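Data first, discussion second: the structure below is written as structure tokens.
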Amino acid sequence: MFQKNVSLKPYNTFGIDVIAEKFVEVTSAAMLSSILSLNKDVIILSGGSNILLTKDLSKPVVLLKNKGIKIIDTFEDHVIVQAEAGENWHDFVIWCLEKDFGGLENLSLIPGNVGTSPMQNIGAYGVEIKDCFVSLEAMEIQTGNTVRFTKEECDFGYRESVFKNELKGQYVILNVTFKLTTINHAIFDGYGAIKEQLKEDGILNPTIQNISDAVIKIRQSKLPDPKEIGNSGSFFKNPVISEEHFKKIHSTYPNMPFYRISEEFVKVPAGWLVEMSGFKGKRFGDAGIHKKQALVLVNYDKATGSEILEVARKIQKTVKQNFNISLEMEVNIL
Ligand code: EPU
């Protein structure tokens with residue numbers, strides 16, 4: 001059933017070349033269940049877009065490739081759509097747009113697969129998947145049982161869900177169900193970069209397709225395409241600091257961008273902190289920091305996962321020294 005000594009380079013967006021001693025591609029829940037009945041200690045890989053591989057893997061690696069998208073129910077103004085975990089996220093967003101189903105257009109061009117989207121509640125330009133999420137089905141690794149999780153049970157937060165916390169490593173997400181509008185689409189164009197792009201394109205009353213096109217243009221202008229330069233999107237989460245801490249930094253840097261999230265807490269962009277710490281565009285061998293977005297670490301060619309991790313730790317240390325802020329990694333390290 002397993003292939004031996006397979007390079008994982010094609011299966012992670014950082015393009016890190018490590019070897020999986022045992023590797024299998026899974027195309028159905030039944031196949032996954034039979035694998036899990038024999039091996040519970042496995043590494044599940046999906047789109048490979050949120051992972052940094054730092055060593056060869058001796059545990060069996062299971063690549064999820066189950067595909068399919070279906071409309072489960074149709075209502076007057078919305079539909080319920082279910083997509084299998086192995087579907088590519090952006091292809092799924094495009095499928096929705098082709099059918100004029102609204103809700104996910106701000107999340108265009110995010111690398112990765114449908115199955116991992118709820119894991120970290122992917123988000124961009126003012127929208128997170130929790131906004132359209134209905135439920136998901138996941139297989140419990142220990143028992144092989146399929147369990148349905150509602151939105152509440154997923155306990156979504158900023159780049160967080162129960163699957164990254166209490167239930168970490170216990171379930172494999174099989175499919176995700178979304179509620180999408182068919183008429184009167186809500187248009188989320190409030191994010192500065194989207195407004196600017198729409199203005200540049202001369203669009204006054206944007207459709208969901210216009211929003212998707214704008215998001216694609218913005219992402220392409222700032223974020224490196226993993227097919228050309230290995231990367232995993234934002235490497236760190238944007239930190240939340242106390243009002244008092246914020247005031248201290250802000251008095252030195254009045255132009256610092258920030259988002260107030262409550263009276264007591266302020267979110268500050270990690271990209272800005274990394275840039276102000278002098279890392280933007282820096283290169284250490286084949287590992288580096290993207291020149292247009294300092295939150296994105298890149299593999300120019302043959303960097304190892306450990307080399308990228310070393311750069312990440314250097315950034316964390318410097319940002320801590322400069323701003324007394326601990327940057328938390330968004331990417332999973334294996
Ligand atoms: N900034 C800098 N220097 C930089 C990068 C950013 O000063 O090198 C400043 C920008 O000028 C801006 C602010 O930081 O004022 C925020 O930057 P940006 O709009 O690019 O967004 P971000 O906070 O860096 C987050 C998400 C992205 C998402 C964008 C757009 C996180 C960790 N990242 O990035 O998500 O696409 O907002 O909504 O929340 C991802 O998670 O992989 C990801 C790409």
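Under 6 Å by Cβ, and 6 or more places apart or on different chains, what pairs join a residue from the range 20-31 that is over 13 Å from Leu57 (Cα atoms) with one that is aromatic (Phe, Trp, Tyr) and part of a helix (DSSP H, G or I)?
none
Using the structure shown, decide if Ser326 is surrounded by 16 or more Cβ atoms within 10 Å (Cβ to Cβ), over 22 Å from Gly126 (Cβ atoms), at pLDDT 95 or above and not assigned by TED's automatic domain parsing to the domain that holds Ile51. Outline the logic, then answer.
Numbers: surrounded by 16 or more Cβ atoms within 10 Å (Cβ to Cβ): no; over 22 Å from Gly126 (Cβ atoms): yes; at pLDDT 95 or above: yes; not assigned by TED's automatic domain parsing to the domain that holds Ile51: yes.
No: the conditions fail for Ser326.
Evaluate the range 67-78: report whether one residue or more is more than 24 Å from Cys96 (Cα to Cα) and either open to solvent by 70 Å² or more (accessible area, probe 1.4 Å) or in contact with a strand residue (DSSP E or B) (Cβ under 7 Å, 6 or more places away or on another chain) (or both). Break it down into steps so the answer makes sense when it comes.
Narrowing the range 67-78 to residues more than 24 Å from Cys96 (Cα to Cα): none.
No, that holds for no residue.
Considering the range 285-308 alone, what residues qualify as being farther than 25 Å from Arg219 by Cβ and out of contact with any strand residue (DSSP E or B) (no Cβ under 6 Å at 6 or more places or on another chain)?
Once the filter is applied, which keeps residues that are farther than 25 Å from Arg219 by Cβ and out of contact with any strand residue (DSSP E or B) (no Cβ under 6 Å at 6 or more places or on another chain), the range 285-308 yields Gly285, Lys302, Thr304, Ser306.
Quick one: would you say Ala270 is aliphatic (A, V, I, L, M), open to solvent by less than 40 Å² (accessible area, probe 1.4 Å) and more than 9 Å from the ligand (Cβ to nearest atom)?
On the way: aliphatic (A, V, I, L, M): yes; open to solvent by less than 40 Å² (accessible area, probe 1.4 Å): yes; more than 9 Å from the ligand (Cβ to nearest atom): no.
Taking the combined requirement at face value, the residue does not satisfy it.
Test of understanding: among Lys248, Lys199, Lys280, Lys227, which residue is within 13 Å of the ligand (Cβ to nearest atom), open to solvent by 20 Å² or more (accessible area, probe 1.4 Å) and either assigned by TED's automatic domain parsing to the domain that holds Phe14 or without any contact (Cβ under 8 Å) to a residue 24 or more places away in the chain (or both)? Steps first, answer last, please.
Working: Lys248 fails: within 13 Å of the ligand (Cβ to nearest atom); Lys199 fails: within 13 Å of the ligand (Cβ to nearest atom); Lys227 fails: within 13 Å of the ligand (Cβ to nearest atom).
Just one listed residue meets the conditions, Lys280.
Kindly establish whether Gly48 is under 30 Å from Thr143 (Cβ atoms), of a type outside the set (A, V, I, L, M) and touching a residue at least 12 places away in the same chain (Cβ under 8 Å). Spell out how you get there, then give the answer.
Numbers: under 30 Å from Thr143 (Cβ atoms): yes; of a type outside the set (A, V, I, L, M): yes; touching a residue at least 12 places away in the same chain (Cβ under 8 Å): yes.
Yes; evaluated as a whole, the condition is true for this residue.
Name the residues in the range 121-135 that are open to solvent by less than 10 Å² (accessible area, probe 1.4 Å) and under 10 Å from the mean Cα position of the chain (by Cα), would you?
Asn121
So which pairs qualify, if the first residue must be in the range 92-104 and more than 16 Å from Gly68 (Cβ to Cβ), the second must be part of a helix (DSSP H, G or I) and open to solvent by 20 Å² or more (accessible area, probe 1.4 Å), the Cβ gap must be under 6 Å, and the two must be at least 6 apart or on different chains?
Leu97/Gln209
Please verify whether Lys55 is open to solvent by 20 Å² or more (accessible area, probe 1.4 Å), touching a strand residue (DSSP E or B) at 6+ places or on another chain (Cβ under 6 Å) and basic (Lys, Arg), treating the condition exactly as stated. Talk me through it step by step, then tell me what you get.
On the way: open to solvent by 20 Å² or more (accessible area, probe 1.4 Å): yes; touching a strand residue (DSSP E or B) at 6+ places or on another chain (Cβ under 6 Å): no; basic (Lys, Arg): yes.
In short, no.
Across the range 89-120, which residue is surrounded by the fewest Cβ atoms within 10 Å (Cβ to Cβ) among those that are more than 16 Å from the ligand (Cβ to nearest atom) and of a type in the set (Asp, Glu)?
Out of the qualifying residues, it is Glu98.
If you go through the range 230-243, how many residues are assigned to a loop (DSSP other than H, G, I, E, B) and near the ligand (Cβ under 7 Å from one of its atoms)?
Number satisfying all stated conditions: 2.
Assess whether Ser262 counts as being more than 15 Å from the ligand (Cβ to nearest atom), open to solvent by less than 80 Å² (accessible area, probe 1.4 Å) and more than 23 Å from Ile16 (Cα to Cα). Even if it seems obvious, please write down each step before you answer.
Numbers: more than 15 Å from the ligand (Cβ to nearest atom): yes; open to solvent by less than 80 Å² (accessible area, probe 1.4 Å): yes; more than 23 Å from Ile16 (Cα to Cα): yes.
Yes: the conditions hold for Ser262.
Take the residues in the range 139-161 that are under 30 Å from Val215 (Cα atoms) and of a type in the set (Gly, Ala, Ser), then tell me which one is surrounded by the most Cβ atoms within 10 Å (Cβ to Cβ).
The residue in question is Ser161.
Here are the criteria: (1) assigned to a helix (DSSP H, G or I); (2) open to solvent by less than 60 Å² (accessible area, probe 1.4 Å); (3) within 12 Å of the ligand (Cβ to nearest atom). Tell me which single one Glu275 does not satisfy.
(2)
The values are calculated or read from the model by the stated rules, or taken from the named source; none is laboratory data. Predicted, not measured: the structure shown is a model, and the values here were computed from it. Please note: Cβ atoms are built from the backbone with ideal geometry, for glycine as well, and neighbour counts cover all protein chains shown. When the accessible area is computed, the model is the full protein with side chains, heavy atoms only, and any ligands, DNA or RNA have been set aside. Shrake-Rupley method; radii C 1.70, N 1.55, O 1.52, S 1.80 Å.
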